[in-house]
């Protein structure tokens, strides 16, 4: 314990001529451990952890969007983890013939995971390049979670009337295409020059749905055509689990940033938050770091497109 106390000294701010007593170091150590244990005991994201058990690789990060699907708008907004997760979850809500228990469990896991994803994006997107996409993701997710809707479409109604997963995907693909074509027609061919950071939220949301639903239609024809709707649901669950797994690799960096980058006045609060976050997420991150992690810097790892670019060449 004494060695650990020695390590703690360099993290304590002292005024000139002040000395720190070992007893105070023990108090700090005990306080930190109590917050870690509190997070580990009370805030474990159990549904998310169950979902992550379906993930054994990061393949889903590559699978959910295909380069074979051409964008309708000229200059696409940057993709982000939260928008991809929210779009895929919206699709899964709309899949037919899936037991409510399975669907509700998936939603609970995404609810637990989404807060970590947004924390990661807010903390690590230092250049604010993802703001437009993450704002769209926030809007999309609130509507999907609370009303089970994608924009103005009732996802539960689609699930009731669709005869197959393919039909659900086609309905969502058609709607997103209509939104994007209406937008591009209003732009009078000036889409290439427009700033992708200033696109309307519904266009960003529709672009994500267009790319993902059409990708899944291609996959459906290739390998899902003989699968039941429940099996399609389970395959998409693995893709979401892979996306969460890749994004959550960033959590330790977020925890460190909370400890180091806050002002002196806010540091106590931030360290409490960081230690509690460490406690509730330590089992997840411990398992994830057993995997072979792509060689990305923290500045790259925040971007899902950086992951996709690297995975394409591995």
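Bear in mind these aren't lab numbers, they're just calculated from the coordinates by the rules spelled out. Being a predicted model, the structure only gives us computed values, none of them experimental. Cβ atoms come from the backbone with ideal geometry, glycine included; neighbour counts cover every protein chain shown.
Worth a mention:
- Highest-first arrangement of 237-244, 80-87, 219-226, where packing means the average Cβ count within 10 Å: 80-87, 237-244, 219-226
- Modelled FRET efficiency - R0 22 Å, residue 186 with residue 152, Cβ distances, 0.05 increments: 0.75
- Compared with the alpha-carbon gap, the fully stretched path from residue 167 to residue 131 is longer by 9.7 nm at 0.36 nm per residue.
- Projected label distance in nm at residue 177 and residue 104, using a 7 Å step from Cα toward the beta-carbon: 3.6
- From largest to smallest, the equivalent ellipsoid semi-axes obtained for segment 254-314 from the alpha-carbon gyration tensor read 28, 16, 7 Å.
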